[in-house]
Amino acid sequence: MDLLHWLAPVSCVVCGREGSLVCGACLPQPKWRTHESGTWYAWEFEEVRQVLHALKYQGLKGVSRELVERLLPPQPIEACAGIPTPMLRRWARGYAQGEVIAADGAAAWGSERLTLLRAHRRGSSVGLSRAKRAEEVSGRFTVCRHTTRPVWLIDDVVTTGATLRACEAALRAAGVQVVGKLALAGVRSR
Ligand SMILES: [Zn+2]
């Protein structure tokens, strides 16, 4: 138990019950599903909306570990890389949630975590069509390290899948073998 935990008992980000950052009652059983982008995800976004909000916007980095420790990946993951966040946004938040999840996942699943990509700042994609947005997103990532290992890409939420696909394309173009994509939660398109 760490000191902080001892000084201020942790409580559930959803219901406030003491004991853990996400209590068993507030987190449905994960179930692997595949998104139309070919990404595996464990929860429907609506099931974990508050939990992910705490991770992304309330600085509660520990939430990531609570989630990944409840997950057995759909296939063994030898090496994984998180989706990076542009530097400016990372400074504002203090961390990139995709990378935090990849690091916690690697520790929980016995995988190696690799930092392979760098993200660049982007303009607002509000108001862009789906196709335009996908095009805009593809120029946002560059490969900063190469590996010969088969890699899984990790992110928090898969919505259109454009970000994960852009990272996958950048890595493939650089000769990196991407064998899978995984997100904690997914949004189904209707
Ligand atoms: Zn709870």
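Any read-out appearing in this document is the output of simple, stated calculations on the displayed coordinates, not a laboratory observation. All figures in this text were calculated on a predicted structure; none of them were measured in a lab. Counting neighbours? That spans all protein chains shown, and the Cβs are built from the backbone with ideal geometry, glycine included.
One table, with the values for the structure above:
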quantity: The stretch 29-186, dipole about Cα centre (Lys/Arg Cβ +1, Asp/Glu Cβ -1), debye to the nearest 20; calculated: 540 debye
quantity: Proxy reagent accessibility, fewest Cβ within 10 Å first, across CYS80, CYS15, CYS26; calculated: CYS15, CYS26, CYS80
quantity: Two-site FRET efficiency, TYR95 against VAL187, from Cβ-Cβ distance with R₀ of 25 Å, rounded to 0.05; calculated: 0.65
quantity: Potential lengthening between ARG49 and GLU18 on full extension [0.36 nm per residue; Cα-Cα distance subtracted]; calculated: 9.2 nm
quantity: Alpha-carbon spread of the stretch 29-186, three principal axes, descending order, Å; calculated: 36, 36, 31
quantity: Extension gain, GLN58 back to GLU112 (0.36 nm per residue minus Cα-Cα distance, nm); calculated: 16.7 nm
quantity: Gained length - THR34 relative to LEU71, 0.36 nm times residue gap less alpha-carbon distance; calculated: 11.8 nm
quantity: Counted charge near GLY24, where neighbours are those whose Cβ lies closer than 14 Å (Asp, Glu -1; Lys, Arg +1); calculated: -2
